[in-house]
């Protein structure tokens, strides 16, 4: 059976053949006929699109203001994705065996050690790690990139774009670095990187795989080729790219890759840095402590080990590593291009729906970009993003992100100084999610809010918010959520 045929059958299974979902979609793709149906064809874009894989909380009931409820629509995958059901099941399966790893002789300890090290192999293989590459478990992408920032040779300069998420911007500012302004096109941006390398050598070029604001994808292989031609290495912040696209660092010739479990449906506190060993073996231990040493003398002087253990001091997050590996396995088992096709169909509906609403501006960093993941940043003229996000939740049960998404320089360059909204799609997304968001935004623009809203400790909330919280939660009108800075994620 050909890959394309398998994918078509897979799309059929997850789109269904129920009553066409009306109104907003014109995404075109090959027509799919129902088995046994007449020769007349159906337009897949007009069929409901279901989730690719079940996620925990996919049918969560969200309370709306006024006593109503609705299925919670999660369009905030780019900030943190829900756990895949397969991941949650795997965690439940291995928890009874949890014990300290590497130094325990007991049965559970031996099982946990094997679980942890096999997770390392699975995660590395998922992104095409080369023989000799280190796969180091960290807390998240931010932690991984901070580790790498201390591993780059001290006399080496780092080149970074100003379009980066703060996780791939701030770790480099305490060492020699050059911040390159992002141009209006990808072609000019890549040319600016090449010009910077030609002007003065650098040790590392570090870029995002795709924008966490707009979803636009950068040409990683081309940037890697340019960096290597000028004697530099390349690191990729894969937090947004890896959950949406197949990444093979050997094929792309990428030296280092960082990504987070919580972005790839394994929100159990683990991330990873994968890459070449020489810099990492020579770097100071990321966290000094047990497990990172060969020996310690009476004066407290350590003989630090090399390899992954050097940067994994202390008791590791075994469950987080196992969860991340389970997510990688589940995604790897999907048909080729299934994720890309699922997101393309949903994104087409979302983009068409939003752009047809007066006053909505869909954000774009590069005018010549041709590929994007399911991340859409947008603004609504005359409406504050933070207030809109609360309106969407309180009146429609739709969850999106608002703020500057930890990408202040890029938002400022786009002229969005007051923050924006962001809808992001994932494996658990469905066409109904898109339709409900578009309907809610259109309703806001044409009819306005039904409720009154007020600022409580700097955060918007419905006046006399009557939405109940779970018995174990402190959330509520009398305990407004502290949103922290305007950064967002």
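Within segment 442-462, the set of residues being farther than 20 Å from residue 356 by Cα, out of contact with any strand residue (DSSP E or B) (no Cβ under 6 Å at 6 or more places or on another chain) and either without any contact (Cβ under 8 Å) to a residue 40 or more places away in the chain or not in a strand (DSSP E or B) (or both) comprises 450, 452, 454, 455, 456, 457, 458.
Of the numbered criteria (1) surrounded by fewer than 18 Cβ atoms within 10 Å (Cβ to Cβ); (2) outside any helix (DSSP H, G or I); (3) within 21 Å of the chain's Cα centre (by Cα), the one residue 244 fails is (1). How about segment 340-357: which of its residues are out of contact with any helix residue (DSSP H, G or I) (no Cβ under 6 Å at 6 or more places or on another chain) and either within 27 Å of residue 414 (Cβ to Cβ) or not in a helix (DSSP H, G or I) (or both)? Scanning segment 340-357 gives 340, 343, 344, 345, 347, 348, 351, 352, 354, 355, 356.
It is to be established whether one or more residues within segment 248-261 are surrounded by 24 or more Cβ atoms within 10 Å (Cβ to Cβ), in a loop (DSSP other than H, G, I, E, B) and within 17 Å of the chain's Cα centre (by Cα). Checked segment 248-261: no residue is surrounded by 24 or more Cβ atoms within 10 Å (Cβ to Cβ), in a loop (DSSP other than H, G, I, E, B) and within 17 Å of the chain's Cα centre (by Cα). Just give me the residues in segment 400-410 being buried (at least 20 other Cβ atoms within 10 Å of the Cβ) and either more than 18 Å from the chain's Cα centre (by Cα) or part of a strand (DSSP E or B) (or both), in sequence order. Of everything in segment 400-410, those that are buried (at least 20 other Cβ atoms within 10 Å of the Cβ) and either more than 18 Å from the chain's Cα centre (by Cα) or part of a strand (DSSP E or B) (or both) turn out to be 401, 402, 403.
Select from segment 264-313 the residues that are closer than 25 Å to residue 158 by Cβ and assigned to a loop (DSSP other than H, G, I, E, B) and list them in ascending order.
Narrowing segment 264-313 to residues closer than 25 Å to residue 158 by Cβ: 271-288, 292, 304, 306-308, 310-313.
Of everything in segment 264-313, those that are closer than 25 Å to residue 158 by Cβ and assigned to a loop (DSSP other than H, G, I, E, B) turn out to be 276, 283, 284, 285, 286, 287, 288, 292, 306, 307, 312, 313.
Being at pLDDT below 90, touching a helix residue (DSSP H, G or I) at 6+ places or on another chain (Cβ under 6 Å) and surrounded by fewer than 17 Cβ atoms within 10 Å (Cβ to Cβ) is a property that residue 35 lacks. Taking residue 143 as the residue in question, decide whether it is assigned by TED's automatic domain parsing to the domain that holds residue 287, at pLDDT 95 or above, in a helix (DSSP H, G or I) and surrounded by fewer than 16 Cβ atoms within 10 Å (Cβ to Cβ). Considered against the rule, which asks whether it is assigned by TED's automatic domain parsing to the domain that holds residue 287, at pLDDT 95 or above, in a helix (DSSP H, G or I) and surrounded by fewer than 16 Cβ atoms within 10 Å (Cβ to Cβ), residue 143 comes out as no.
Residues in segment 172-191 that are crowded, with 16+ Cβ neighbours inside 10 Å and in a helix (DSSP H, G or I): 172, 186, 189, 190.
Of all the residues that make up segment 105-119, how many are out of contact with any helix residue (DSSP H, G or I) (no Cβ under 7 Å at 6 or more places or on another chain) and either over 24 Å from residue 255 (Cα atoms) or buried (at least 17 other Cβ atoms within 10 Å of the Cβ) (or both)? Selection size over segment 105-119: 7. Within segment 279-305, being surrounded by 13 or more Cβ atoms within 10 Å (Cβ to Cβ) and closer than 19 Å to residue 255 by Cβ holds for 279, 280, 281, 283, 286. Tallying residues that are in contact with a strand residue (DSSP E or B) (Cβ under 7 Å, 6 or more places away or on another chain) and surrounded by fewer than 22 Cβ atoms within 10 Å (Cβ to Cβ) within segment 368-377 yields 3.
Looking only at residues that are under 20 Å from the mean Cα position of the chain (by Cα) and part of a strand (DSSP E or B) in segment 378-399, which one is surrounded by the most Cβ atoms within 10 Å (Cβ to Cβ)? This residue is 398.
Of all the residues in segment 306-319, those that are buried (at least 21 other Cβ atoms within 10 Å of the Cβ) and over 24 Å from residue 276 (Cβ atoms) number 2.
Quick grid of which residues meet (1) out of contact with any helix residue (DSSP H, G or I) (no Cβ under 9 Å at 6 or more places or on another chain); (2) at pLDDT 95 or above; (3) within 24 Å of residue 141 (Cβ to Cβ):
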| site | (1), (2), (3) |
| --- | --- |
| 193 | no, yes, yes |
| 198 | yes, yes, no |
| 211 | no, yes, yes |
| 222 | no, yes, yes |
| 228 | yes, yes, yes |
| 231 | no, yes, no |
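The values are calculated or read from the model by the stated rules, or taken from the named source; none is laboratory data. No experiment lies behind these values; they were computed from the predicted model shown. Positions of Cβ are generated from backbone atoms using ideal geometry, with glycine treated the same way; all protein chains shown enter the neighbour counts.
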